[in-house]
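Heads up, the thing below is written out as structure tokens.
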Amino acid sequence: MDSRNRQNRKRFEEEKEELDERVVDITRVAKVVKGGRTFHFRVVAVVGDNQGQIGLGIGKARTVPDAIAKATERARRAMKPFPLEGTTVPHEVMGRCGGARVLIRPAAKGTGVVAGGSVREVLEVVGVHDVLTKSMGSSTAVNVVQATMDALSQLRWVEQVAEERGKPVAEVMPFWQRRSA
């Protein structure tokens, strides 16, 4: 039993090293109580493998390091795969959360990540290198990150769309890819 725990711990540490962890936002929040205010810190973190998997975690604690640890651990547990097409996204999507809206568009190779703050962090961690984005509405970091995650969750492969529509893959494929295929 002891050797199994060591193996699991070793595998977890190896996995931990290859993941990209980013703290997107640290905010001090207050709770008003009878004796005054108690302050806590809220941390928004994203963890990804730069190959299409990403997780979002939000942690609260009295100290910043504890909140960061909670957020990254929750992000690790919440990791999900998302479809990518090379270094960009397969199609245009719009994500929403609260008052925040995030538009993500595919871009040509070499464009880079044209995105601001929190959206950039999320897309870099998931492994997107060429994309155009526009963040609209609320600029609250938590909502912008969740809107970006919503947009990523709407991404689908060409094969999935073709199967849903009952059409051949070549008919569903974008025109710029039809010529090369």
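The values are calculated or read from the model by the stated rules, or taken from the named source; none is laboratory data. Please read all numbers here as calculations on a predicted model, not as lab measurements. Neighbour counts run over all protein chains shown; Cβ positions are idealised from the backbone, glycine included.
Kindly list, by first and then second residue, each pair from a residue in the range 113-129 that is more than 12 Å from Met149 (Cα to Cα) and modelled with pLDDT under 95 to a residue that is of a type outside the set (Asp, Glu) and part of a loop (DSSP other than H, G, I, E, B), limited to pairs with Cβ atoms under 6 Å and residues at least 6 apart or on different chains.
Gly127/Asn50; Gly127/Gln51; Gly127/Gly52; His129/Thr87
Tell me, please, whether a residue that is over 18 Å from the mean Cα position of the chain (by Cα) and part of a loop (DSSP other than H, G, I, E, B) can be found in the range 119-128.
no
With surrounded by 12 or more Cβ atoms within 10 Å (Cβ to Cβ), free of Cβ contacts under 8 Å to residues at least 40 places away in the same chain, touching a strand residue (DSSP E or B) at 6+ places or on another chain (Cβ under 9 Å) and of a type outside the set (Phe, Trp, Tyr) as the only criterion, which of Met173, Met136, Met149 stands out? Give the derivation first.
On the way: Met173 fails: touching a strand residue (DSSP E or B) at 6+ places or on another chain (Cβ under 9 Å); Met149 fails: free of Cβ contacts under 8 Å to residues at least 40 places away in the same chain.
Just one listed residue meets the conditions, Met136.
Here is a check on your reading of the model: is Arg76 in a strand (DSSP E or B), closer than 22 Å to Leu56 by Cβ, in contact (Cβ under 8 Å) with a residue 12 or more places away in the chain and of a type in the set (Lys, Arg)? Before the answer, list the steps.
Numbers: in a strand (DSSP E or B): no; closer than 22 Å to Leu56 by Cβ: yes; in contact (Cβ under 8 Å) with a residue 12 or more places away in the chain: yes; of a type in the set (Lys, Arg): yes.
No: the conditions fail for Arg76.
For the range 101-124, indicate whether the set of residues that are within 30 Å of Arg28 (Cβ to Cβ) and among the hydroxyl-bearing types (Ser, Thr, Tyr) is non-empty. Walk me through how you get there before you give the answer.
Initial filter on the range 101-124 (within 30 Å of Arg28 (Cβ to Cβ)): 101-102, 113, 115-124.
After this cut, where a residue has to be among the hydroxyl-bearing types (Ser, Thr, Tyr) as well, the list is 118.
Yes: the range 101-124 contains one or more residues that are within 30 Å of Arg28 (Cβ to Cβ) and among the hydroxyl-bearing types (Ser, Thr, Tyr).
Considering only the range 56-69, I want to know if a residue exists there that is closer than 18 Å to Thr148 by Cβ, in a strand (DSSP E or B) and in contact (Cβ under 8 Å) with a residue 40 or more places away in the chain. Can you show your working first?
Start the filter on the range 56-69 by keeping residues that are closer than 18 Å to Thr148 by Cβ, which leaves 56-58.
Of the ones still in play, those that are also in a strand (DSSP E or B) are 56-58.
Subset that is in contact (Cβ under 8 Å) with a residue 40 or more places away in the chain: 56, 58.
Looking through the range 56-69, at least one residue is closer than 18 Å to Thr148 by Cβ, in a strand (DSSP E or B) and in contact (Cβ under 8 Å) with a residue 40 or more places away in the chain.
Working only within the range 86-97, note down all residues that are surrounded by fewer than 17 Cβ atoms within 10 Å (Cβ to Cβ) and at pLDDT below 95. Walk me through how you get there before you give the answer.
From the range 86-97, those surrounded by fewer than 17 Cβ atoms within 10 Å (Cβ to Cβ) are 86, 92, 94, 96; that's our starting set.
Gly86, Glu92 - these are the residues of the range 86-97 that are surrounded by fewer than 17 Cβ atoms within 10 Å (Cβ to Cβ) and at pLDDT below 95.
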